Amino acid sequence: MTERCQGDTRPRTGPRARTAIVLAAAALLAATSAAFLPGTASAGTTLGASAAEKGRYFGTAVAASRLSDGNYTTILNREFNSVTPENEMKIDATEPQQGRFSYGAAEQIVNHARSRGMSVRGHTLAWHSQQPPWMESMSGSALRSAMLNHVTQVATHFRGQVVAWDVVNEAFEDGTSGARRNSNLQRTGNDWIEAAFRAARAADPNAKLCYNDYNTDNWTHAKTQAVYNMVRDFKSRGVPIDCVGFQSHFNNDSPYVSNYRTTLSSFAALGVDVQVTELDIQGASAATYRSVVEDCLAVARCNGITVWGIRDSDSWRASQTPLLFNSSGQKKAAYDAVLAALNNGTTPTDPPTTPPTTPPTTPPGGSCTATLQDSTRWGDRFNSQVTVSGASNWTVVVAVTPPQKVSNTWNGTPTWDSSGNVMTMRSNGSGNVFGFTTMANGTWTRPVVRSCTVS
Ligand code: G3I
């Protein structure tokens, strides 16, 4: 399925043949529903682009203090399409004195990301660690109120800018007890976690709300089961939880295990998204990185992967050299393995969906040509790829049909109109093919290319 902007409005070779087949077999297709069109996108050359072609994001933790490092930002801007502030949204950073909020460093990261079309994961609203001194010394109902106010204020401040929040972080004990961590927050009452989620939902109804933890990767571990039981309970009682984050800090004491995929799929089966939120692997085994990516791609509700830093020297565990780039910013073998896994990933077992029904349209004029092709499709979203010819410094305007929303883009710099439905994509030096993911929200109309102009 193809649409073209300016000039020839029909697809030419393979797509035209496919169109003919579709027309000839329309009745049959109507009866059987063309459930899944194989991806037509070429293999991506960056982590973000390749993940996006699989309907996922590939993100990294970002430190505001490193945004002035050109080597760092070059890799960040080239490779990643999601960022998580490493420390800048934590409680001690955002509310250093009670009732006095400080968002400067976090906003620096948010603005850097969003101006380049990257999405932002918020980390974290409620946590026993990195509390400011005033909160550490609080207890009881005063602490409960302060915590809820913090959640409300911060989530409200970043409303519309953060796609997913780690609402609560690391609330369970390690070891075999399966118990809640004995923190000052826990001592305010066992319902503190759900109270935090309800406050976050009220403050930002559109953000995905996640529970995030470490050592929850091994399906057989008590901590994993304890979190699973909490999520199951929350879903059964209508507590607003949308996703579970698996930090996945793998090392010799807490290694990757082959049942990781079972863990991801078991949580997803509860009706939540799953995200790999802080991935690093001691020694950066290429095989282990590849396995993690393959596991995520095999689980339809695994939205994406975030590595916890860019270069080894950026890591909280720098001596373990656990990341995808060495300290000079060069790609490691693990990078190649991740990129290859993203490009050759297994096909998610998503439910079939109905193909778009809007016929190709002829957009108004422009001084270059933009051709939109359908690409991979999942149960809730689909990818489109636009090929531009006639200019290298192009600007292409694409419109989606409400309530559709573009959730991800690659190989271009997007801006949106105030409705959020019209995307202006500008070339960013990544070539003449860009792509984007559209959340269908129940509407499968194909996006329309409105114009292609030379900038
Ligand atoms: O910025 C100050 C600096 O001015 C000061 O001189 C120095 C002295 O120690 O500290 C610096 O702050 C440090 C900060 O990282 C920035 O580098 C803090 O001490 C240090 O505690 C903090 O560590 C962070 C850690 O969370 C704190 O718990 C790591 O960067 C961060 O990567 C790590 O991230 C956590 C996730 O949030 C949750 N999951 C586990 C993960 C790893 O611990």
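A short reminder: the numbers here are calculations on the coordinates, not readings from a lab. For clarity, every value in this text was computed on a predicted model and none was experimentally measured. For neighbour counting, all protein chains shown are included, and Cβ atoms are generated from backbone atoms with ideal geometry for every residue, glycine included.
Values as computed for the structure displayed
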read-out: Per-residue Cβ neighbour rank within 10 angstrom, fewest leading, Glu136, Glu53, Glu194; value: Glu136, Glu194, Glu53
read-out: Folded to 0 to 90 degrees: helix 140-157 orientation relative to the chain principal axis, Cα; value: 20 degrees
read-out: Net length gained if the chain between Asn344 and Glu136 were fully extended (0.36 nm per residue, minus Cα distance); value: 70.1 nm
read-out: Separation in nanometres of the label points that stand 7 Å from Cα toward Cβ, at Arg100 and Ala202; value: 2.7 nm
read-out: 5 Å binning of all Cα-Cα separations within region 88-147, expressed as whole percents from 0 upward; value: 4, 18, 26, 21, 13, 9, 6, 3, 1
read-out: Residue pairs, from the table Lys208/Lys235; Lys54/Lys90; Lys208/Lys331, whose Cα atoms sit over 22 Å apart; value: Lys54/Lys90; Lys208/Lys331
read-out: Nearest 10 degrees, 0 to 90: helix 222-237 Cα axis against the chain principal axis; value: 70 degrees
read-out: Extended-chain gain in nm, criterion 0.36 nm per residue less alpha-carbon gap, Lys331 and Asp174; value: 53.1 nm
read-out: Fewest-first sequence of Trp394, Trp219 by Cβ atoms within 10 Å of each Cβ; value: Trp219, Trp394
read-out: Pair-distance profile P(r), taking every C-alpha pair of region 157-245, with 5 angstrom steps and integer %; value: 3, 14, 25, 25, 19, 11, 4, 1
read-out: Asp174, Asp417 arranged by Cβ crowding within 10 Å, fewest neighbours leading; value: Asp417, Asp174
read-out: Acute angle (nearest 10 degrees) that the helix 333-343 long axis makes with the longest principal axis of the chain, alpha-carbon atoms; value: 50 degrees
read-out: Rg [Å, one decimal], Dmax [Å, integer] - the chain, C-alpha atoms; value: 22.5, 73
